[in-house]
Amino acid sequence: MKAEIQASRGAKLELIINNADNQVVAYLNAEQVYTKSTEHDPSFNDSYDFGSRLQVGRNILDVVGVNWGGPHHFKGTVKLNGNVVGTWDDYRKGSSPGLVSDFCFVITVS
């Protein structure tokens, strides 16, 4: 999944992660800004506002899901100033270990 987002300086850009079976890692402009590892698919509500870390121009938020074997589940949302601009819910009963999901957001700040 890839989404293009337009934002103004000072915007609130929020990453919300609800499922990370087995691991979700988020990078903003190639710097790790979030990681969570779980087993047995628990639900939670992790929220991270990285609006203050956005640079003027093009920013890349890449959220990747890693599976350790068996089923995987990655669920999350990106909000801009409280409005949903991207969402995903990737569940598979059987998948190989390794990188199995990639959600990319291109955020242009003016």
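Averaging over all projection directions, find the projected area of the Cα convex hull of segment 2-109 and quote it in nm² with one decimal place. Kindly include the intermediate steps, with their values, before the conclusion.
Numbers: hull surface 24.0 nm².
Its Cα hull, projected and averaged over all orientations, spans 6.0 nm².
Post the alpha-carbon centroid distance, segment 33-49 to segment 93-107, in whole angstrom.
Between the Cα centre of segment 33-49 and that of segment 93-107, the gap is 15 Å.
Taking 0.36 nm per intervening residue step and subtracting the Cα-Cα distance, what contour gain separates residue 53 from residue 36 on full extension?
Numbers: separation 17, 0.36 × 17 = 6.12 nm, distance 1.99 nm.
4.1 nm is the gain from fully extending residue 53 to residue 36.
Sequence-distant or interchain residues sharing an amide H contact under 5 Å with residue 12, placed H: which?
Amide H neighbours of residue 12, under 5 Å, 5+ apart: 81.
If you count, for each residue, the other Cβ atoms within 10 Å and average over each peptide, how do 20-30, 99-109 line up from highest to lowest? All intermediate terms of the calculation are to be shown ahead of the outcome.
Details: 20-30: 19.5, 99-109: 17.0.
Top to bottom by mean Cβ count within 10 Å: 20-30, 99-109.
Once you list every other residue whose beta carbon is under 14 Å from the beta carbon of residue 91, what net charge do they have if Lys and Arg are +1 and Asp and Glu are -1?
On the way: positive: 75, 92, 93; negative: 21, 41, 89, 90.
Computed value for this residue: -1.
Just to confirm a number: summing +1 for Lys and Arg and -1 for Asp and Glu over residues other than residue 18 whose beta-carbon lies under 14 angstrom from that of residue 18, what do you get?
Details: positive: 36, 75, 79; negative: 14, 21, 41, 46, 89, 90.
Here the count lands on -3.
Zone of residue 83 (label point 7 Å along Cα→Cβ, backbone N under 19 Å): which residues in segment 1-43?
Only 3-16 pass the distance filter.
Using modelled backbone amide H atoms (1.01 Å from N, in-plane), which distant-in-sequence or interchain residues come within less than 5 Å of residue 86's amide H?
78
Laboratory data are not the source of any read-out in this text; all were calculated from the coordinates shown. If you're wondering where the values come from, they're calculated on a predicted model, not measured in any experiment. As a convention, Cβ positions derive from the backbone with ideal geometry for all residues, glycine included, and neighbour counts pool all protein chains shown.
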